[in-house]
1. Can you report the number of residues in the stretch 126-147 which are over 22 Å from Thr114 (Cβ atoms) and either in contact with a strand residue (DSSP E or B) (Cβ under 8 Å, 6 or more places away or on another chain) or not small (Gly, Ala, Ser) (or both)?
2. Any residue that is free of Cβ contacts under 8 Å to residues at least 12 places away in the same chain, part of a helix (DSSP H, G or I) and within 26 Å of Lys132 (Cα to Cα) - is there at least one of those in the stretch 69-82?
3. Ala126 versus (1) of a type in the set (A, V, I, L, M); (2) free of Cβ contacts under 8 Å to residues at least 24 places away in the same chain; (3) closer than 22 Å to Lys44 by Cβ: which is the lone unmet condition?
4. Any chance the stretch 130-146 includes a residue that's within 25 Å of Lys167 (Cα to Cα), under 17 Å from the mean Cα position of the chain (by Cα) and of a type in the set (Val, Ile, Thr)?
5. Can you tell me which of (1) farther than 30 Å from Lys53 by Cα; (2) open to solvent by 70 Å² or more (accessible area, probe 1.4 Å); (3) part of a helix (DSSP H, G or I) is the one Ala90 doesn't meet?
6. Of the residues Glu87, Glu131, which is farther than 12 Å from Leu31 by Cα and in contact (Cβ under 8 Å) with a residue 12 or more places away in the chain?
Amino acid sequence: MKKVTRLFMFLLAIGLISGCTPKPAKTIENLKAAYNGESTASTKYAAFAEKAKSEGFDTVAMMFLATSKAEAIHAGNHLKVLEKLGEKIAGPQIGTFNVLSTVENLTDAIKGETYELETMYPGFIALAEKEKSKDAVKSFTWALDTEKKHQFFYKTALAALNGGGEKSLPARWFVCPVCGNTYDAGSVTAKCDFCMTPREKFIAF
């Protein structure tokens with residue numbers, strides 16, 4: 001009987017220990033920062049789209065609408081992870097930004113994407129891996145991989161405008177509703193390269 005009691009207490013102790021895993025505190029703070037940052041980027045790119053359209057750059061405007069949606073999806077994914085970790089978020093804190101000419105807006109967008117893909121997300125991923133937060137790692141990685149593509153799209157658009165116009169730019173864009181992966185008409189695939197969502201479910205712009 002004593003052996004059975006000891007075994008029960010041992011198993012109970014293991015259960016209690018495993019159930020007391022501390023929250024990934026630094027990752028939670030990074031998720032909040034990323035949630036606010038992506039929400040701000042989404043709002044900013046939507047404003048940049050309106051500016052581009054007002055200047056007659058309809059193709060660039062469509063690109064900004066697509067990337068705005070992608071950033072909103074990233075924000076939503078970060079929020080889901082936060083909620084899964086037991087965090088209650090009232091809503092995003094939208095940062096300040098300026099809407100200038102489309103050329104200047106593209107330059108600003110390139111700067112923001114470069115920071116995210118070279119500094120912010122690599123650091124966030126490293127900490128999330130250290131704190132063993134797999135969901136955060138996945139959400140951060142999806143965002144990072146998409147920002148690489150956004151940076152390329154913006155650089156291509158800026159070069160086109162500086163070269164005389166937007167005729168060489170893609171007119172159609174697609175966004176994966178699950179991970180935010182973004183495609184132009186010439187690169188879209190049958191399934192999302194990041195999360196394998198079928199093309200039929202992509203959001204078209």
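1. Selection size over the stretch 126-147: 7.
2. Scanning the stretch 69-82, I find at least one residue that is free of Cβ contacts under 8 Å to residues at least 12 places away in the same chain, part of a helix (DSSP H, G or I) and within 26 Å of Lys132 (Cα to Cα), so the answer is yes.
3. (3)
4. Looking for residues that are within 25 Å of Lys167 (Cα to Cα), under 17 Å from the mean Cα position of the chain (by Cα) and of a type in the set (Val, Ile, Thr), one finds at least one in the stretch 130-146, hence yes.
5. So the condition that Ala90 fails would be (3).
6. Only one candidate qualifies: Glu131.
Table: residues versus (1) at pLDDT 95 or above; (2) over 14 Å from Phe153 (Cβ atoms).
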| position | (1), (2) |
| --- | --- |
| Ala66 | yes, no |
| Leu79 | yes, yes |
| Gly86 | yes, yes |
| Gly91 | no, yes |
| Thr96 | yes, yes |
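Here is a yes/no grid of residues against (1) small (Gly, Ala, Ser); (2) under 15 Å from Asn36 (Cα atoms):
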position: Gln93; (1), (2): no, yes
position: Thr102; (1), (2): no, no
position: Thr107; (1), (2): no, no
position: Ile125; (1), (2): no, no
position: Ala128; (1), (2): yes, no
position: Ser133; (1), (2): yes, no
position: Ser139; (1), (2): yes, yes
position: Thr146; (1), (2): no, no
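The values are calculated or read from the model by the stated rules, or taken from the named source; none is laboratory data. Just so it is clear, the model here is predicted, and its values are computed rather than measured. When we count neighbours, we look across all protein chains shown, and the Cβ atoms used for this are built from the backbone with ideal geometry, even at glycine. We work out accessible area using only protein heavy atoms, side chains counted, and drop any ligands, DNA or RNA first. Shrake-Rupley method; radii C 1.70, N 1.55, O 1.52, S 1.80 Å.
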